[in-house]
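A.B. asks: Have a look at the structure that comes next, please.
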Amino acid sequence: MPETITLEVQRYRPEDEAEPVFERFDVPFRADWMVLDALNYIKDNLDGTLSYRWACRMGVCGSCGMMVNGQPLLTCATYLERLLPGPIRVEPLKGFPVIRDLVGDITDFLEKLSRVKPWIVREEEKPLAEGEYLQTPEQLADYEQYSMCINCMLCYAACPIYELEPDFIGPAAIAIAQRYNLDSRDEGVQERLDVLSQHDGIWACTFVGECSVVCPKNVDPAGAIQRYKVAATADWFKSVLTPWANR
Ligand code: FES
């Protein structure tokens, strides 16, 4: 095993600099270190001005996603050993404007996420005195896979459609919409469908499937989008065949 490994890290302050540059850092190589550990070593020992996001260090918060050797990865879950012999190139997630160094502006994602109402929608809330909305293990299993999404946005960085059509609402927002649609306590299916059946919703997806390949939680956003297309098509046929029916 080598004693050190080299990281080429993107540095960029858009307000002062015309172009990003790469800066090389040699860090100690340890078999149990992740890419995030190497970035933390740089920040603690070599250059405290390096900017990047992370929080949980255990693949839960979703904030440490970056391009590592051109692949969107969670840096807290990517061993340095897997990237030997280096150098390892670290860049901000593709598709998001850079605020500084490795930090991207995720405003666009947050706005799209809010459009699909990522919460339980009820036409009428029952009184608190009537207790919880109960759910069976089978009903939980219906949406559990989609509830594993950690909003890491690796799927956006991998999606060629998001790159070409920035208005595309994107894989995670659709998977999270499915998470609530399939929840037995939710009544917001039609409201979400009204948003997602637009051109920049599900129909922009051409089923490349890279979103599901890079998802660190096996959420399978591509599968969620295809299921949604089936539901939207059925909804359209229903509206054509029974225009009098209340929607
Ligand atoms: Fe939280 Fe990596 S630091 S997912």
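The values are calculated or read from the model by the stated rules, or taken from the named source; none is laboratory data. Remember, predicted model here, so these are calculated numbers, not experimental data. Every residue, glycine as well, gets a Cβ built from its backbone with ideal geometry; the counts of neighbours run over all protein chains shown. Keep in mind that these areas ignore ligands, DNA and RNA; they rest on the heavy atoms of the full protein, side chains included. Shrake-Rupley method; radii C 1.70, N 1.55, O 1.52, S 1.80 Å.
A.B. asks: Does segment 168-189 contain any residue that is touching a strand residue (DSSP E or B) at 6+ places or on another chain (Cβ under 8 Å) and either in contact (Cβ under 8 Å) with a residue 12 or more places away in the chain or farther than 29 Å from GLU210 by Cβ (or both)?
C.D. replies: no
A.B. asks: Of everything in segment 200-222, what is open to solvent by less than 70 Å² (accessible area, probe 1.4 Å), farther than 13 Å from TYR146 by Cα, of a type outside the set (Gly, Ala, Ser) and not in a helix (DSSP H, G or I)? Give them in sequence order.
C.D. replies: Listed by number, the residues that qualify are ASP200, CYS205.
A.B. asks: Can you tell me which of (1) within 30 Å of THR49 (Cα to Cα); (2) in contact with a Phe, Trp or Tyr (Cβ under 8 Å, 6 or more places away or on another chain); (3) open to solvent by less than 60 Å² (accessible area, probe 1.4 Å) is the one ALA172 doesn't meet?
C.D. replies: Result: ALA172 fails condition (1) only.
A.B. asks: Next question. Give me the residue from segment 55-70 that is surrounded by fewer than 19 Cβ atoms within 10 Å (Cβ to Cβ) and on the phi > 0 side of the Ramachandran plot and, out of that set, farthest from the ligand (Cβ to nearest atom).
C.D. replies: Looking at residues that are surrounded by fewer than 19 Cβ atoms within 10 Å (Cβ to Cβ) and on the phi > 0 side of the Ramachandran plot, I get GLY70.
A.B. asks: From CYS56, CYS61, grab the single residue that is at pLDDT 95 or above and out of contact with any helix residue (DSSP H, G or I) (no Cβ under 8 Å at 6 or more places or on another chain).
C.D. replies: On inspection, the qualifying residue turns out to be CYS61.
A.B. asks: Kindly provide the set of residues from segment 1-11 that are open to solvent by 40 Å² or more (accessible area, probe 1.4 Å) and of a type outside the set (S, T, N, Q), ordered by number. Talk me through it step by step, then tell me what you get.
C.D. replies: Applying the first criterion (open to solvent by 40 Å² or more (accessible area, probe 1.4 Å)) to segment 1-11 yields 1-4.
If the condition is that a residue be open to solvent by 40 Å² or more (accessible area, probe 1.4 Å) and of a type outside the set (S, T, N, Q), then MET1, PRO2, GLU3 are the ones that fit.
A.B. asks: Looking at segment 71-97, which of its residues are open to solvent by 40 Å² or more (accessible area, probe 1.4 Å) and either of a type in the set (Lys, Arg) or more than 10 Å from the ligand (Cβ to nearest atom) (or both)?
C.D. replies: Across segment 71-97, the qualifying residues are GLN71, TYR79, GLU81, ARG82, LEU84, PRO85, PRO87, ARG89, GLU91, LYS94, GLY95, PRO97.
A.B. asks: Name the single residue that is nearest to the chain's Cα centre (by Cα) among those in segment 44-54 being open to solvent by 60 Å² or more (accessible area, probe 1.4 Å) and either closer than 18 Å to PRO87 by Cα or not basic (Lys, Arg) (or both).
C.D. replies: First pass over segment 44-54, keeping only residues open to solvent by 60 Å² or more (accessible area, probe 1.4 Å): 44-46, 49, 53-54.
Checking the rest, the ones that are also either closer than 18 Å to PRO87 by Cα or not basic (Lys, Arg) (or both) come to 44-46, 49, 54.
Numbers: ASP44: 28, ASN45: 31, LEU46: 30, THR49: 26, TRP54: 14 Å.
Selected residue: TRP54.
A.B. asks: When both residues are 6+ apart or on different chains and their Cβ atoms are under 6 Å apart, which pairs have a first residue that lies in segment 58-77 and is of a type in the set (Val, Ile, Thr), and a second that is more than 6 Å from the ligand (Cβ to nearest atom) and assigned to a loop (DSSP other than H, G, I, E, B)?
C.D. replies: Every condition considered, the pairs that remain are VAL68/THR78.
A.B. asks: Among the listed residues LEU154, LEU110, LEU102, which satisfies the condition of being free of Cβ contacts under 8 Å to residues at least 12 places away in the same chain and hydrophobic (A, V, I, L, M, F, W, C)?
C.D. replies: Working: LEU154 fails: free of Cβ contacts under 8 Å to residues at least 12 places away in the same chain; LEU102 fails: free of Cβ contacts under 8 Å to residues at least 12 places away in the same chain.
One residue alone meets the criteria, LEU110.
A.B. asks: Same structure, new question: Take ALA18 and decide whether it is in a loop (DSSP other than H, G, I, E, B) and either open to solvent by 80 Å² or more (accessible area, probe 1.4 Å) or within 16 Å of the ligand (Cβ to nearest atom) (or both). Let's see the steps before the verdict.
C.D. replies: Working: in a loop (DSSP other than H, G, I, E, B): yes; either open to solvent by 80 Å² or more (accessible area, probe 1.4 Å) or within 16 Å of the ligand (Cβ to nearest atom) (or both): yes.
Spelling it out, ALA18 is indeed in a loop (DSSP other than H, G, I, E, B) and either open to solvent by 80 Å² or more (accessible area, probe 1.4 Å) or within 16 Å of the ligand (Cβ to nearest atom) (or both).
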